[in-house]
Amino acid sequence: MRLLPLVSNPMGNVTISGSEMKILREVPLKDIEFVLLDMDGTLLDLYFDDYFWGHLVPEKYAERHNMTFGAARDYLFKTYKSHERTLNWCDIDFWSKELNLDIPALKEQIKHLIEVHPHVIDFLKMLNRNRKKVFLLTNAHYKTVNLKFKKTQIGRYFDSVLCSFDVGYPKEYIEFWKRAEKRLGFDKDRSLFIDDTEEVLKVAREYGIRYLLFKTVANSKAEPKRSAEFMTISDFRELMYEGL
Ligand SMILES: [Mg+2]
């Protein structure tokens with residue numbers, strides 16, 4: 001068996017696998033000045049959101065409308081789908097009105113389920129230490145962002161946070177990227193963007209963001225996702241090495 005070189009890692013020396021070596025080659029952090037990160041699923045465990053929309057909301061909706069849980073869930077999934085790729089999708093005030101439920105209050109009720117994925121904090125600290133510009137780009141509503149920052153304390157690691165609401169388009173639209181670049185001033189050619197939604201990565205690629213990574217482990221309790229089109233990471237340790 002061929003021995004791989006040992007790469008110095010802030011978490012201690014570890015031997016890294018062939019696929020990790022490939023990431024280090026194709027995503028050279030030393031050439032990257034801007035790191036653009038998605039929040040839900042990428043940095044934070046999507047279990048919270050999946051549980052919230054797939055379980056808690058249907059349960060409360062069923063109670064309110066005197067329906068079975070199954071009927072409420074079927075109805076809600078259809079309704080969610082009809083608002084995909086729109087700002088409504090991520091607007092919790094819209095959903096409060098639409099479903100006649102206090103969505104922010106319900107989120108607050110299960111905030112103990114909000115978790116940061118493993119090694120995310122170390123990764124963010126490494127970026128800060130190496131003076132990368134770190135931007136959070138999220139479709140999440142600012143009320144959700146506030147709740148999640150309060151619980152996880154990850155806000156301190158970002159140079160800036162951009163919600164789709166601030167620019168008027170979700171990340172699935174080229175217009176989002178045009179406006180994001182104007183607001184944040186990143187250089188597409190020296191930017192890395194990481195997201196757990198392929199559709200968003202495709203639009204970022206079309207816009208010209210040079211380095212793209214797909215995060216496979218979004219919900220820690222579900223099977224990791226796959227991508228045929230993008231290089232993937234399952235864990236942020238795969239991007240952690242010194243000598244940037
Ligand atoms: Mg996401």
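Could you check region 149-165 and list, in sequence order, the residues that are within 10 Å of Leu137 (Cβ to Cβ) and either part of a helix (DSSP H, G or I) or over 14 Å from the mean Cα position of the chain (by Cα) (or both)?
Ser160, Ser164
Are there any pairs, at least 6 apart or on different chains, whose C-beta atoms fall under 8 Å, with the first in region 28-56 and in contact (Cβ under 8 Å) with a residue 12 or more places away in the chain and over 15 Å from Gly155 (Cα atoms) and the second of a type in the set (Ser, Thr, Tyr) and not in a loop (DSSP other than H, G, I, E, B), and if so, which?
Listed by first residue and then by second, the contacts come to Ile32/Ser191; Ile32/Tyr211; Glu33/Ser191; Phe34/Ser191; Trp53/Tyr80.
Is it the case, given these coordinates, that Leu136 is over 22 Å from Ala222 (Cα atoms), within 16 Å of the ligand (Cβ to nearest atom) and not in a helix (DSSP H, G or I)? Can you show your working first?
Numbers: over 22 Å from Ala222 (Cα atoms): yes; within 16 Å of the ligand (Cβ to nearest atom): yes; not in a helix (DSSP H, G or I): yes.
So Leu136 passes the test.
Only one of Asp45, Asp74, Asp91 is modelled with pLDDT of 95 or more and either surrounded by 14 or more Cβ atoms within 10 Å (Cβ to Cβ) or of a type in the set (A, V, I, L, M, F, W, C) (or both). Can you tell me which?
Just a single option satisfies the conditions, and that option is Asp45.
Are there helices (runs of 4 or more DSSP H) fully within region 12-116 with at least 3 residues that are assigned by TED's automatic domain parsing to the domain that holds Ser191 and under 29 Å from Arg129 (Cβ atoms)? List them.
Because the criterion is at least 3 residues that are assigned by TED's automatic domain parsing to the domain that holds Ser191 and under 29 Å from Arg129 (Cβ atoms), the helices (runs of 4 or more DSSP H) in region 12-116 that meet it are 18-26.
I need the full set of residues from region 113-137 which are among the aliphatic types (A, V, I, L, M) and either closer than 30 Å to Leu56 by Cα or in contact with a Gly (Cβ under 8 Å, 6 or more places away or on another chain) (or both), in order please.
Passing the criteria: Leu113, Ile114, Val116, Val120, Ile121, Leu136, Leu137.
In region 116-127, which residue that is within 14 Å of Gln153 (Cβ to Cβ) and touching a helix residue (DSSP H, G or I) at 6+ places or on another chain (Cβ under 6 Å) is surrounded by the most Cβ atoms within 10 Å (Cβ to Cβ)?
Here the answer is Leu124.
The values are calculated or read from the model by the stated rules, or taken from the named source; none is laboratory data. Predicted model only: the values in this text are computed from it and were never measured. Heads up, the Cβs are rebuilt from the backbone with ideal geometry, glycines too, and the neighbour counts pull from every protein chain shown.
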